[in-house]
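To keep things clear, I will list the structure first and then write my remarks on it.
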Amino acid sequence: MHLNKETEIMKKILFLVCPFSQSEALIKKTFTGSHLYMTGMGGYLNFQDEKFADALTRIIIKEKIEAIHLVQNTDCRFIHEVLSENKNLEYPVQNTLKKLLSENEPQIKSMDSKHQMTIHLASLMIKEVSANIHKSDLLKETIENKKIEINGTLIQPKANKLSSFNLNQPSILA
């Protein structure tokens, strides 16, 4: 686990999670305190929608959010459907995952196991969601002004493992 538990306990965190991932139990076990959860299929939300960005900004300010965790779960059915090359992709999150797979296919397909491919695709999705947050001028300004930490959180339920990493560092976004 790549987090400083003492500081994370003190922060008020907004977790962006997939409603189907059933990740909250492990999150609550790892991050004590009163936190907020926002859901989107596959943890993917439309930050370019001005009304949504405005509403999210108001929540961040009103609730005094200090960190946002972009959560991906290795049991995500959308990731598994894309990796298995399922042709019935009907949701925006699946199309985003398919695009990420296509852009990184040689690297992903050369991995030793489906589990490694899943972890890599989930990590790419976290970075994609982070980049999309920063495409919203309102959210980007709020995050910078309020010095809000953006973190990726990868959950591996079968291993009962949760890892977090800071996305504010430029080297992670590269």
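The values are calculated or read from the model by the stated rules, or taken from the named source; none is laboratory data. Since we're looking at a predicted model, the values are computed, not measured. A quick note on method: Cβ atoms are made from the backbone with ideal geometry, for glycine too, and the neighbour counts reach across all protein chains shown. These accessible areas exclude ligands, DNA and RNA; they are computed on the full protein's heavy atoms, side chains included. Shrake-Rupley method; radii C 1.70, N 1.55, O 1.52, S 1.80 Å.
Some points to look at:
- Looking across the range 44-56, the residues that are open to solvent by 10 Å² or more (accessible area, probe 1.4 Å) and more than 14 Å from Met125 (Cβ to Cβ) come down to Asn46, Gln48, Asp49, Glu50, Lys51, Phe52, Asp54, Ala55.
- Flag if Val129 is in a helix (DSSP H, G or I), over 20 Å from Met38 (Cβ atoms) and among the β-branched types (Val, Ile, Thr): no
- For Val17, the requirement of being within 27 Å of Gln116 (Cβ to Cβ), of a type outside the set (D, E, K, R) and over 16 Å from the mean Cα position of the chain (by Cα) is not met.
- Among the residues of the range 19-30, just one is touching a strand residue (DSSP E or B) at 6+ places or on another chain (Cβ under 6 Å) and either open to solvent by 60 Å² or more (accessible area, probe 1.4 Å) or aromatic (Phe, Trp, Tyr) (or both), namely Pro19.
Table: residues versus (1) closer than 19 Å to Cys18 by Cβ; (2) without any contact (Cβ under 8 Å) to a residue 12 or more places away in the chain.
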{"residue": "Glu63", "(1), (2)": "no, no"}
{"residue": "Gln72", "(1), (2)": "yes, no"}
{"residue": "Val82", "(1), (2)": "yes, no"}
{"residue": "Glu85", "(1), (2)": "no, yes"}
{"residue": "Asn95", "(1), (2)": "yes, yes"}
{"residue": "Lys135", "(1), (2)": "no, no"}
{"residue": "Ile148", "(1), (2)": "no, no"}
{"residue": "Thr153", "(1), (2)": "yes, no"}
{"residue": "Phe165", "(1), (2)": "yes, no"}
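- Exactly one residue among Lys29, Lys11, Lys114 is basic (Lys, Arg) and over 19 Å from Gln156 (Cβ atoms), and that residue is Lys11.
- Yes/no for Asp112 being without any contact (Cβ under 8 Å) to a residue 40 or more places away in the chain, part of a loop (DSSP other than H, G, I, E, B) and open to solvent by 10 Å² or more (accessible area, probe 1.4 Å): yes
- Those residues of the range 64-94 which are closer than 17 Å to Asn132 by Cα and open to solvent by 80 Å² or more (accessible area, probe 1.4 Å), in sequence order: Pro92
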